[in-house]
Structures are given as structure tokens and as C-alpha cells.
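Colleague: Submitted below is the structure of interest, expressed as C-alpha cells.
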Amino acid sequence: MPTYPQETDRYSLQPKKFIVWLFMISSFIFFAGLTSGFIVYSGDNLAKQLNVKMPDAFIYSTILVIASSISLQWAYIQTKRLNFAKQRLGLWLTIALGVAFTCSQLYGWMVLTGLGAFFTSSNASISFVYVFTLFHILHIIAGLILIIGSIISSYKAVPNVLNIFRMEISIVFWHFVDILWIYLYVFLLLNQ
Amino acid sequence: MATLTLNDTHTAHHDHAAHGDHGHHKETFLTKYVFSQDHKMIAKQFLITGIFMGVVAMTLSILFRIQLAYPDESFPLLEMLLGKFAPEGRLDPNFYLSLVTIHGTIMVFFVLTAGLSGTFSNLLIPLQLGARDMASPFMNMLSYWFFAIASAIMLATFFIETGPASSGWTIYPPLSALPKAMPGSGLGMTMWLISMVLFVASSLMGGINYVSTVLNMRTKGMDLWKMPLTIWAFFLTAIVGILSFPVLVAAVVLLIFDRSFGTSFYLSDIYIAGQALPNEGGSPVLWQHLFWFLGHPEVYIVLMPALGITSEVIATNARKPIFGYHAMVYSLIGITILSFIVWGHHMFVTGMNPFLGGVFMITTLVIAVPSAVKTFNYLATLWRGNIRFTPAMLFAIGLVSFFISGGLTGIFLGNAALDINLHDTYFVVAHFHLVMGSAAIFGMLSGIYHWFPKMFGKMMDAKLGYLHFWLTFISAYLVFFPMHFMGLDGVPRRYYAFTEFESMSEWLSVNKFITWAAILGAVAQVAFLYNFVYSIFWGKKTVQNPWESTTLEWTTPVEHLHGNWPGEIPTVYRWPYDYSKPGADADFIPQTTPLSETMSSNLPHDFEGNEESERIQLDWEKQNKKELVK
Amino acid sequence: MKISKYINTKSVFALIAIIGLFVNNLFAQAAATATTAVVDPEKNAYVPKMVTYYLLLFLLVCIVIALIGKILSVYDLTKKVQGAKEGFSWDKFNGILFLLFLVVGLYGAYWSYTVQGAQILPESASEHGVKIDEMFNVTLIITTIVFVVTHILLFVFSYKYSYNKKKRAHFIPHNDTLEKYWTVIPAIVLTILVLLGFFTWRDITNISQDGIRNAIHIEVTGHQFAWEVRYGGKDNVNGRKNYKLIGNLGGLNSLGLDLSDKSNYDDLTVSEIVLPIGKPVRFTLGSKDVLHSFYMPHFRAQMNCVPGMATSFQFTPRLTTADMRDKVNDPNFNYFLLCAKICGGSHYNMKFAVKVVSQKEYDKWLAEQKPLVTAAMIKSYQESLAQKDTKVADNKIALNN
Ligand code: HEM
Ligand SMILES: [Cu+2]
Ligand SMILES: [Cu+2]
């Protein structure tokens, strides 16, 4: 039974939410492009494979980013219960965790360069690690901006539909970025 | 939940207010014509920018065609116009390559992707689906402005010291990565890359918007199988774009790192300008994989909207339902899917594993099947039609002709063994100009002639349209047909002059002929441009449905409104191709006419298995027969 | 939606004035540069004259077209006034033009096939090329048939079913049998072509280890904008090289040969590629800087030259240069190698001579070729080795202290 969109749906938020999903798809394709580039590059040539161990910092990052997803989910639940103080708490927590994640990634870079695995390596597999993480961090920043938007709407007492809508968008996107990192990390672990 | 409903009713009210009375909207020149969020205005912006870029790219092609025809002659005028790029009135070889590169880039991306999809997806998706606007009008506006900025940057490269990018529209590294390899790989290439990133951002915003709109904002009754083929084509095109453009960005990002940060993704073992570069381990073939993963779908991004427009125009003007509507949709879907697994046919002789070459050869020739189906369906639609030759129809028929001619040569190029000797020759140039260049341009022109009344409320002059069509059609064949034979003689593309090889000089007279044919084609566009501009301001006013078409866009008033329909959005009851239905009075039945009003012409399959309606129809027929007998 | 509001006589004149000013400026500038650049005055006068001439010609054409348009519409009107049922039928007119286009176009295609088709490459000078040409011909025949038939249908339908007020189109939304046929038949034809192509492609690219060993090994390296060719010499092996060594040995090492590899010393440098007839040759391809493409059209041989990655192409010549001269009836005919991948400004000018001769002539020619590694290079190499030795010794001393 097909449901026909109602005319009043026009300004509603459904199509916009859909846009976020499509954006995530194209952003995932971007990373899929990079990772398949990696595969084509390293191919069957031993000299071109990833020959450094991933720094432990990436494990901490993973834990941080998962924690941030949980805190954001909690904030969302609180929002639905109209518990705005707790919503804000959750959001602030998420932001803190997101920033910590970014720092941890940057620390990971430091560890890598310490190991002599530079961005401008003659083995581009290593450069790929930096590219993956760099563009992932850009996504984290985008996610943080969305969350800040949610915080602002929480403080500004906008209509609750909008508040919830913004929360939903932040959540979906943040989980996506979270999963994206896990995908990249597992990909790197499998290839190192 | 309470707020939700409140909110909804509120927006609904706002609607009525807005459409009942336009004075309430404070529209300044800026919000109406420049930063407009109305899909119809954005469509016009895309169209006019696209036409402008098309004229630029065409002019570039005439410039380099003159060089090919008269390699030994000097044209002082060129020096006047181009300065240091044409010393002594002769094009500089590097600048020749710049012209070719920018010509290709603009034609493929700026004219036939943004100008074509941008215009008609924006115009028709809401209008033919019964939506008030796009899912996100704001993003739609951004999409246009990103495109405009990208265009400006691309053109600006002509004014820099080292000239525009010049390593071909495919910008294969290392040539594109090393400023020392050619002047165009310096600042010009940097700007090319920036421009393309902005362009991709624009395309993605547009494409995401189109998909979301098609899936979420159809009017009542408009299920997927009642959508016009134009919408199917735009929808699938947008999906192809969403799935392939990000890969181009990935490729470009890596190239930027190679150019500016010293990484070695694409660079290895290079000794240039008396110096060995430190880069090692990179692979130029990697770029080709990533580029063609976009590049091949891109040619379908260019072509599919043109095919969609043609389907609509041919059905309307042949006064016949499009033959095999379902087959048309399935072949579009087939092309969409297959277009992602054929990219390797551009790489048969690049050193890619020969086994992969074999695989890509198979997938490539498979994609010819849906294309063949589409062609036959077009022919069957014309068969026993009642064809009105509007200019739009002429261009649509021209498209079918080019699609056949260019598609057939694709069978040669898709064959890895044959491609050994055809790759990078003029045979390729001939092939893609017919199947992608001419066909898509004709689709675009067809669309312009057909929907001009919808866009501007005026009619274009038909006779000038005929003149435009015939000159363009003839000159396109005169230009591109002989190029096949040059390719078969082993003449490579992107050659500044054929003077250095004895065996190529026999093509010089052909080159002169081609150039004059190209000039004829270019001059013919003046007829179009004049017609276009003149008709916008002084053209004859159109009636609401000038082509007697069935689709929804012709139920909107001639004067544009924010929100498209003054009252409620019409409901859709039938598929879009009820032309010349036996038993109906008029030779077209709009999609908005309920089946209950056309009892005399309903056919069993119209009911899609709805038993209730079938019973009513049967009753009606029985009764009617009785009356007839009486 | 009234942009026309902004268009009035005043603004139009303003626009024209601006454009006029701009053009004026342009010419003034051009004149300025022209005078500084000391151009002969004759040329200077010639340009504006030519431009005006063409502009006038164009205007004339426009006027003629406008006149024809006017006459046509007047004719149309009078006919209507006279009570004729209809004016001029543009639908019929375009239908007839399509028919005309079909006839003239098919003749044009035929003319192209025969006249321009006679200018294409002569028969293949390599063995695998014969197979390629055969397949090309099969494909050409099939596609030409489809090309002609579909175009006849397209344009004849256009003519035959052009608009007629009294008629109505035939309502036929689909026909499953027909559609099945025209899906399955192209699929079958394409399958045949694919299989043919697949096997030919495999034969060309899949060469046994033995086949590779027995071929004559020639290495071709592209750079901006020339080719460097070396033959494997007595051992039929092209010695190792490293791009970092390019230009060392006092600038003599143009390929970056690694002289610690003994198989380099017998490699030969040549100024043209000479091949014996009937012997397989294997070209190993490389590039020093950007992509190039090794393309020898007469041999149906093409492969890209990629920096950092050796590619190869193997084939067997079957016609000597002399044979080919007879075939094409041109005593000056010569084979050549060219570059088919854009590589920079002089991409169009990367010619290298190729000759196919009898085995005897080949042997004689080969004996005359000079080794790539010259005495000067060897001397310079030994000097650098000695230097390195002392350096190592120095280091050792330093360590010991
Ligand atoms: C005004 C009519 C046109 C003429 C006379 C023309 C002519 C040419 C010629 C002769 C070349 C090859 C130059 C060379 O290899 O040295 C070329 C390249 C190209 N053209 Fe066109 N063209 C026209 C329209 C188009 C259109 C409509 C498209 C749209 C797809 C297009 C896309 C391209 C592309 C992609 C290239 C390849 C650029 C490259 O090699 O990097 N052209 N054009
Ligand atoms: Cu392709
Ligand atoms: Cu080249």
C-alpha cells in the first residue's frame, strides 16, 4: 500500500531528513572511494602495503567516539521526555567527547610521525592513513557544528518539533560518523 | 504531538495566504532574480549560465579547429584577441591543449551536467510531480551559486599568466601534477581543481535534492509507475551522480596532496627538468581507476536526462504513448547499474591487468543492450504516429539519430582487442561527440524549445527553430563523421598539428572541411540565441498547454507563482502517455482526468487490478451497449 | 516575471554604448601593443578589414534569412485570406526534408566509406593485427547494417507519419513479443562479438613464458618529447636501471642504467627501430616523466608508457617496409612510432622511425649498432666507485677513533 505524501507534508521535515541520509550516502562513497583507492594502490605489491602498527591512540579514539554516541543517544531520550536540562548535559558531554576524540586522533598522528611514518612517505599507504583520518576529522567537526545547533535550539526554546528534528539530525549524523570511524579503523587493522 | 499538528496547520495556512495574494511577499530584485529559492527561477539561472558556458566552449572549439585546419597560417586577429597565447598569430601548442581541455571540461560538466540536469530537473521535478518546490529550496539556491562560482573560476584561468589547465579534461597525472611538465599544470590546474570541487559540491546538492523530492513529494496518485520518463531519467541521473561524484572528489583530494604536499599517490620514478623527484611508489593508474569510476557514469549523467526529455517530447509530438514505458524505465535502471561497472573500458591499454580488461569488455557490451532497447522503442513510438514537427520534436529525432550513430561506434571501442588500435585516436573523438556531445546537446535544445513556454510564458519562433535544427544537424554530421576515418588512419587526438607526420598530411583538406562545417554549426547557433533572447522579451504569449500535453506542468498557470498551483495541487489518476486513446474525444487525456470521466476510452490495464473499478467499468460498458442497440 | 521592465530604449542604448566603448578599448589596446611590437602596417590594416568583411557577410545572410521569413509569413497569410484550408504545412515540409536527409545522408556515408575509407591504415603489418582487422570488419558490417536500417526506419517514419489533421495516431503502448525480440537479438549478436573479442584479446595479451623468452627484447622509454630505444644486445636482456641515476656519470647516463648490472653492458642504442620479419618482438615500455603512449598504428600496437611501472606489448611483424611500399604503392612509405597520450606541448611531434627488414638485413644492421654504455661512462662509473670506497674507508676510520 503506497502512502502518498500529503500536501501539508511539503514544509514538513521528512524530505529534509531524507536529504541528510543522502548526504551520508555520498559521504560514505567518498570514503569508499578512498579505501578502494588504497586497495588498488597496495594491491599485490608487498612494498606498498601498510607496514606500520596503528598507534594505540586510535583504540582510545574508538572508545571515545562510541561513548559520545551513547551520550548523544541519552540526550535524545531526555529530549523526548522533555527533560531539557539533561538534554543539554548530554549534548555538552558529547561535544567534550568529540573534542577529546579529535585530540586523540591528532595524538595518533604524532605517534605515527614519531615512528617515522610521515604523511609524505614514499609508501602512499601511510599517506592514506593520514588522509582517512583527516577527512574523518572534518566530518567530526561538521557533526559538532550540528550538535552545537541542537544546543542552541535547546537553550532558545524553539518549538519542540524543531528541537527534536535538530536532535534527530545530529544523532543520525553523529552515529554515522561514529560508524565511519569504526569502518576506517577496522579497514586499517585488516590491512596493516 | 500537539505542537506537531499545530505546526502543520500553521504552514498550511501560510500557504494559502502566500498563494492567494502575492503582494504579501516582499520580493526584492535580489531575492527574486539573484538569490532566488524558487525552483523555476533557479532552473532559468542554470539554463542561462549553461547556455553562456556552451557558447564559450563552442568558441574555444572553433579557435582550435582553425589551428587544425590552417596549421601553417598566421592569423593576426588571434594575436590581438589572445595576446601571448597566440604569438605571431598562431596558437601556442600549450595553449592549444588548454583550449581542448577547457572545451571538454566545460562541455561535459558545465553545459551538459549542470546546464542540462540543473535546468530541467529543477524545472520539471516539482512541476511534473505536483510539488510546490524542492525538498530544500535553500540548498537548491546554494547549488546554483556553487555552480556559478565554479564557472567563474574556470573562466578566470584564461586571465592568468600560465594559462588554463591543459592536460586534457581527464587531467591524468603525472602531467597534471607537475607544474614543470607544462605551463597549464601550474596555477591553472590548481584553479581547475578548485573549480571542480565546487562543481561537485553543486552537483551533489542538486542531486540530493532531486532524489529527496522525487521520493517524498509526489502529489496524490503519483506513484512511481505514473511518473513521466523525464522524471525517471532525472531521478536515476541524480542517483548516479550521488554515487559517483564523491569518488571524483576523493581522487582530486589525493591529487591536490600530490601537487602541494609532496605525497606520492600518483607519482613515482620521475625525472623532469633535469631533476629526479623524490616521489616513489605512486601509481598513475590509480588516478585513472578513480577518475573513470566517475568518468564513465558521468557520460550517462550527461545522456540520461537527454533521453528522458526525448521520450517525453517524442510521445507528445507523435501523439502516441511512448512505446514500452516499462521497458524504457527498466533500461534506464539497467544503464544506471551497469554504468558503474564498465569504467575499465577507458583503460584497456594503460597497463591494467589484461584479465580485468576482458571483464570490462563484457560488462561494456552488455550495457549496449538497454541502449538498443531504447532506440527501438523510440522508433516504434514514431511508427503510425501523427507527428507534429515542432522544433523540439526535430531535435528529439536528431538525438535518436546521433544516439544510434555514436552508440554503434561504441561497440568497436568497447571491444578491448579493437580498442588497441583505436584508443586515443580521432575515432574516439568522433564517437563521444556523437553519442554524448551531439546527442545530449540535442536533448537539451529539444527541452529548451519544448519547455520554453513553461519557463518564460512565451513561444519561441518555430521557423527559426527549423533553420537552427537543420543547420546544426547537418553540420554536426559533417564535423564528426569524417573524424572516424581519421581515427582509423591512426591519427591520435590532442594533436596540435598534423604536419609532423607525412601520412597525416593527407587529412589536411578534410580538416579544413571539418572546420568550415564547425563554423557553419557555430553560426547556426546565432539563430537560436537570437530566437531565445528575442522570445523572452518580445515573443508571442503562450497558452497554458501549447503542445496539448498530458503531464502536470501544463496545468499550472502561465504566470509563475511561488508554489506553482494557485489552489490545491491536482491529483493524478493515470499514466502520462494517454495520447490518441481510442474512444476519447481529444487526442490527449491529462493525467489529472479521473478514469470515471473517460469511461468510453478506458482499457482493462488502466485499473491496475482494482476490482471495484473494473466492475464499474464493466457495468458501464454493458449499459452503453444496450443504449447503442436501442 | 517582468524583466522586460528593465529593458527600455534607454538601457539598450546604454548597453550598446558600453559594448562600443569596450570594443573600442580592445582595439586601442591591440593597436598599442601592435605598435610597440613593431608589426608591419600592412598586417595591421588587414585585420579590421577582414573582420568587417566577415561581419558584413554575416549581416547580409541574416537579412536574407529575415526576408525569406517575412515572405513566407506573408505567403501564409494571403493563402489564409484567400480561403485556402491551410497555410503552408511545415509538418509536411520537415517530413520531406527528413526523407531528403536520409537519401543524401546515406549517399554521403557511402561516399565517406569509399573515399575517406580508402585513406585509412593499410592492411596490418603484424600478425595479431590481421585478427584485429578481421574482427573490425565483422563489427563494421554488422553495425553498418544496423546503422542503415535504423536510419531508414527513423526518417521514413518521420516522413510517412508527419502530421495530418484528419488522422489519428495508432494507440499502441507496448508489445511484449516485439520487445522480447529486440532485446534478445542484440544480446545474442553482442555475445558473439564479445566472445570473438575476448579470445582475440587473450591471444594478444596472454603470452606464454616461452613466448616471452624467445622474443627479441627492446625497451622503449618516453620522455618529453622523444623516445629512447635500447636493444637487449647479446644476452637479449635489458639491464636494470634506476631513475635516480638518470643524468649521473657526468650527464651521460640518460636512461639511469645501473652499471653494477652486467647485462647493461651489451645493450645497444639505436636511432631507429629495425625489426626482422616473422620474429616476435617484445617491447618493454617505460617513461621518465609523464604518461606517453607507445603507438605504432600499422602494427595495431598501442600501450601506455607509465613512469614507475613497466608495461609491455609483444607482436610479430609480417610485412617488411618494402612489402608495404608495394602494397600502398608509395616508394616513400615508412612505418613509425608515435605518442598517443597527451604529454605536453610537443605531444604532436614525437616521431620515431620504424623499419621491418629481412633477417639478413637485420643481422647486418644489428652488428653495426653501438653499445649504450660508452667507455666514458665506464670510466666515470669506476671513478665514482673508487670515491665511494674511500668514503667508506673514511667512515670506518672515523668510527674507529
Ligand atoms: C561546437 C561543436 C564542437 C566541435 C567543433 C568540437 C570539436 C572538438 C575536437 C576537434 C576535439 C578534439 C581536439 C583534439 O583532440 O585535439 C574536441 C575535444 C573534446 N570535446 Fe568537442 N567539439 C564540439 C562540441 C562538443 C560537445 C557538445 C561536447 C560535449 C560532450 C564536447 C566534448 C569534448 C570533449 C570531452 C573533448 C575531449 C577533450 C580532451 O581531449 O581532453 N565537444 N572537441
Ligand atoms: Cu566509459
Ligand atoms: Cu605524447
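The values are calculated or read from the model by the stated rules, or taken from the named source; none is laboratory data. Because the structure is predicted, anything quoted here is derived from the model rather than measured. Every residue, glycine as well, gets a Cβ built from its backbone with ideal geometry; the counts of neighbours run over all protein chains shown. Note: accessible area is taken over every heavy atom of the protein model, side chains too, but ligands, DNA and RNA are not part of it. Shrake-Rupley method; radii C 1.70, N 1.55, O 1.52, S 1.80 Å.
Colleague: When the residues of the range C:278-327 are narrowed to those that are farther than 27 Å from B:Arg494 by Cα and among the acidic types (Asp, Glu), which ends up farthest from ligand 2 (Cβ to nearest atom)? Full working, then the answer.
Modeller: Residues of the range C:278-327 that are farther than 27 Å from B:Arg494 by Cα, as a first pass: C:278-282, C:316-327.
Among the residues that remain, those that are also among the acidic types (Asp, Glu) are: C:323, C:326.
Numbers: C:Asp323: 38, C:Asp326: 40 Å.
Checked the range C:278-327; the qualifying residue farthest from ligand 2 (Cβ to nearest atom) is C:Asp326.
Colleague: Looking at (1) more than 9 Å from chain C (Cβ to nearest Cβ); (2) part of a helix (DSSP H, G or I); (3) surrounded by fewer than 20 Cβ atoms within 10 Å (Cβ to Cβ), which one does B:Ile536 not meet, given that it meets all the others?
Modeller: (1)
Colleague: For the range A:1-34, give me the residue count where each residue is of a type in the set (S, T, N, Q), at pLDDT below 85 and crowded, with 18+ Cβ neighbours inside 10 Å.
Modeller: Filtering the range A:1-34 down to residues of a type in the set (S, T, N, Q) leaves A:3, A:6, A:8, A:12, A:14, A:26-27.
Imposing the further condition that a residue be at pLDDT below 85 reduces the set to A:3, A:6, A:8, A:12, A:14.
Right, trim to crowded, with 18+ Cβ neighbours inside 10 Å and you get A:12.
The total comes to 1.
Colleague: Taking the condition touching a Ser or Thr at 6+ places or on another chain (Cβ under 9 Å) and either in the same structural domain as B:Ser311 (by TED's automatic domain parsing) or of a type outside the set (S, T, N, Q) (or both), does B:Lys226 pass? Steps first, answer last, please.
Modeller: Values: touching a Ser or Thr at 6+ places or on another chain (Cβ under 9 Å): no; either in the same structural domain as B:Ser311 (by TED's automatic domain parsing) or of a type outside the set (S, T, N, Q) (or both): yes.
Criteria not met by B:Lys226.
Colleague: Let me ask you something else. Across the range C:179-192, what is the number of residues that are under 16 Å from B:His326 (Cα atoms) and either of a type in the set (Ser, Thr, Tyr) or more than 7 Å from every other protein chain (Cβ to nearest Cβ) (or both)? Steps first, please.
Modeller: Pass one, the range C:179-192, residues under 16 Å from B:His326 (Cα atoms): C:179-183.
Next, only the ones that are either of a type in the set (Ser, Thr, Tyr) or more than 7 Å from every other protein chain (Cβ to nearest Cβ) (or both) stay: C:180-181, C:183.
Total meeting the criteria: 3.
Colleague: Looking only at the range C:212-237, which residues are touching a strand residue (DSSP E or B) at 6+ places or on another chain (Cβ under 7 Å), under 21 Å from C:Leu291 (Cα atoms) and open to solvent by 30 Å² or more (accessible area, probe 1.4 Å)? So that I can check it myself, show each step before the final result.
Modeller: Looking only at the range C:212-237, we keep the residues that are touching a strand residue (DSSP E or B) at 6+ places or on another chain (Cβ under 7 Å), and these are C:212, C:215-223, C:227-233, C:236-237.
Then drop every residue that is not under 21 Å from C:Leu291 (Cα atoms), which leaves C:218-223, C:227-230.
Listed by number, the residues that qualify are C:His223, C:Glu228.
Colleague: Would you list the strands (runs of 3 or more DSSP E) that sit entirely within the range C:193-302 and hold 1 or more residues that are away from chain B (no Cβ under 14 Å) and out of contact with any helix residue (DSSP H, G or I) (no Cβ under 6 Å at 6 or more places or on another chain)? Can you show your working first?
Modeller: Numbers: elements: C:216-223, C:226-231, C:273-276, C:281-287, C:292-296.
Output list reads C:216-223, C:226-231, C:273-276, C:281-287.
Colleague: Restricting to the range B:335-377, and then to whatever is closer than 23 Å to B:Glu312 by Cα and aliphatic (A, V, I, L, M), can you tell me which residue is farthest from ligand 3 (Cβ to nearest atom)?
Modeller: Among them, the one singled out is B:Val373.
Colleague: Let me ask you something else. Within the range C:134-146, which residues are in contact (Cβ under 8 Å) with a residue 12 or more places away in the chain, of a type outside the set (S, T, N, Q) and at the interface with another protein chain (Cβ under 7 Å from one of its Cβ atoms)?
Modeller: Within the range C:134-146, just C:Met135 meets the criteria.
Colleague: Looking at the range C:320-365, which of its residues are of a type in the set (A, V, I, L, M) and assigned to a strand (DSSP E or B)?
Modeller: Taking the range C:320-365 and keeping what is of a type in the set (A, V, I, L, M), we get C:322, C:324, C:328, C:337-338, C:340, C:342, C:350, C:353-354, C:356-357.
Hits for the range C:320-365 are C:Leu337, C:Leu338, C:Ala353, C:Val354, C:Val356, C:Val357.
Colleague: Next question. Could you go through the range C:147-169 and let me know if any residue there is over 30 Å from the mean Cα position of the chain (by Cα) and farther than 30 Å from B:Gly398 by Cβ.
Modeller: Taking the range C:147-169 as the starting set, the residues that turn out to be over 30 Å from the mean Cα position of the chain (by Cα) are C:152-169.
Okay, now just the ones that are also farther than 30 Å from B:Gly398 by Cβ, so none.
No - not one qualifying residue is present in the range C:147-169.
Colleague: Now, a different point. Can you say whether B:Asp578 is open to solvent by less than 20 Å² (accessible area, probe 1.4 Å) and farther than 30 Å from B:Phe473 by Cα, as far as the supplied structure shows? First the steps, then the outcome.
Modeller: Values: open to solvent by less than 20 Å² (accessible area, probe 1.4 Å): yes; farther than 30 Å from B:Phe473 by Cα: yes.
The answer is yes for B:Asp578.
Colleague: OK, next. Can you pull out the residues in the range B:321-372 that are open to solvent by 30 Å² or more (accessible area, probe 1.4 Å) and under 16 Å from C:His174 (Cβ atoms)?
Modeller: Within the range B:321-372, B:His326, B:Tyr330 meet the criteria.
Colleague: I'm told B:Leu464 meets every condition in (1) within 16 Å of ligand 2 (Cβ to nearest atom); (2) within 10 Å of chain C (Cβ to nearest Cβ) except one. Can you identify the failing condition by its number?
Modeller: (1)
Colleague: Now a separate question. Looking at the structure I just gave you, is B:Ser549 more than 16 Å from ligand 1 (Cβ to nearest atom), closer than 25 Å to C:Leu121 by Cα and touching a residue at least 12 places away in the same chain (Cβ under 8 Å)?
Modeller: Working: more than 16 Å from ligand 1 (Cβ to nearest atom): yes; closer than 25 Å to C:Leu121 by Cα: no; touching a residue at least 12 places away in the same chain (Cβ under 8 Å): yes.
Spelling it out, it is not the case that B:Ser549 is more than 16 Å from ligand 1 (Cβ to nearest atom), closer than 25 Å to C:Leu121 by Cα and touching a residue at least 12 places away in the same chain (Cβ under 8 Å).
Colleague: Now a separate question. Are there any helices (runs of 4 or more DSSP H) wholly within the range B:367-445 with 2 or more residues that are within 30 Å of C:Lys166 (Cβ to Cβ), and if so which? Give the steps one after another, and end with the answer.
Modeller: Details: elements: B:391-413, B:416-422, B:426-432.
Fully inside the range B:367-445 and qualifying: B:391-413.
Colleague: What's the total number of residues in the range C:329-365 that are open to solvent by 50 Å² or more (accessible area, probe 1.4 Å) and either without any contact (Cβ under 8 Å) to a residue 60 or more places away in the chain or more than 16 Å from ligand 3 (Cβ to nearest atom) (or both)? Steps first, answer last, please.
Modeller: Filtering the range C:329-365 down to residues open to solvent by 50 Å² or more (accessible area, probe 1.4 Å) leaves C:329-332, C:334, C:349, C:351, C:355, C:359-361, C:363-364.
Within this subset, residues satisfying the condition of being either without any contact (Cβ under 8 Å) to a residue 60 or more places away in the chain or more than 16 Å from ligand 3 (Cβ to nearest atom) (or both) are C:329-332, C:334, C:351, C:355, C:359-361, C:363-364.
Within the range C:329-365, residues that are open to solvent by 50 Å² or more (accessible area, probe 1.4 Å) and either without any contact (Cβ under 8 Å) to a residue 60 or more places away in the chain or more than 16 Å from ligand 3 (Cβ to nearest atom) (or both) number 12.
Colleague: Quick test of your reading of the structure: B:Ala368 fulfils all but one of (1) within 16 Å of ligand 2 (Cβ to nearest atom); (2) touching a Pro at 6+ places or on another chain (Cβ under 6 Å). Name the failing condition by number.
Modeller: (2)
Colleague: Since C:Lys165 meets every condition but one in (1) over 29 Å from B:His484 (Cβ atoms); (2) more than 10 Å from chain B (Cβ to nearest Cβ), which condition does it not meet?
Modeller: (2)
Colleague: Looking at C:Val149, C:Val130, C:Val194, which one is of a type outside the set (D, E, K, R), open to solvent by 30 Å² or more (accessible area, probe 1.4 Å) and farther than 30 Å from C:Leu275 by Cα? It would help to see each step written out before you state the result.
Modeller: Details: C:Val130 fails: farther than 30 Å from C:Leu275 by Cα; C:Val194 fails: open to solvent by 30 Å² or more (accessible area, probe 1.4 Å).
The conditions single out C:Val149.
Colleague: If I filter the range C:301-328 down to residues being of a type in the set (Lys, Arg) and in contact (Cβ under 8 Å) with a residue 40 or more places away in the chain, which single residue comes out as nearest to ligand 1 (Cβ to nearest atom)?
Modeller: Initially, the range C:301-328 is screened for residues of a type in the set (Lys, Arg), giving C:318, C:325, C:327.
This time we only want the ones that are in contact (Cβ under 8 Å) with a residue 40 or more places away in the chain, so: C:318, C:327.
Values: C:Arg318: 31, C:Lys327: 29 Å.
Among them, the one singled out is C:Lys327.
Colleague: Now, a different point. Scan the range B:404-431 residue by residue and report those that are among the aromatic types (Phe, Trp, Tyr) and within 7 Å of chain C (Cβ to nearest Cβ).
Modeller: Of the residues in the range B:404-431, the ones among the aromatic types (Phe, Trp, Tyr) are B:412, B:426-427.
The answer is B:Phe412, and nothing else.
Colleague: Follow-up question, since we're still on this one. Can you go through B:Leu413, B:Leu418 and tell me which one is of a type in the set (A, V, I, L, M, F, W, C), surrounded by fewer than 23 Cβ atoms within 10 Å (Cβ to Cβ), within 16 Å of ligand 2 (Cβ to nearest atom) and more than 21 Å from B:Met58 (Cα to Cα)?
Modeller: B:Leu413
Colleague: Among (1) more than 11 Å from every other protein chain (Cβ to nearest Cβ); (2) part of a loop (DSSP other than H, G, I, E, B), where does B:Ser264 come up short?
Modeller: Condition not satisfied by B:Ser264: (1).
Here is a yes/no grid of residues against (1) among the polar types (S, T, N, Q); (2) not assigned by TED's automatic domain parsing to the domain that holds B:Leu127:
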residue: B:Tyr530; (1), (2): no, no
residue: B:Val533; (1), (2): no, no
residue: B:Thr550; (1), (2): yes, yes
residue: B:Glu553; (1), (2): no, yes
residue: B:Pro557; (1), (2): no, yes
residue: B:Leu561; (1), (2): no, yes
residue: B:Trp575; (1), (2): no, yes
residue: B:Ser580; (1), (2): yes, yes
residue: B:Ala586; (1), (2): no, yes
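Colleague: Then there is this: Contact list please: Cβ distance under 6 Å, first residue in the range B:88-101 and closer than 10 Å to B:Ala165 by Cα, second residue open to solvent by less than 30 Å² (accessible area, probe 1.4 Å) and among the polar types (S, T, N, Q), pairs at least six apart or on different chains.
Modeller: B:Asn94/B:Ser166; B:Leu97/B:Ser166; B:Ser98/B:Ser166; B:Thr101/B:Ser166
Colleague: Filter the range B:590-601 for residues that are in contact (Cβ under 8 Å) with a residue 24 or more places away in the chain and open to solvent by less than 10 Å² (accessible area, probe 1.4 Å) and give the result.
Modeller: B:Gln591
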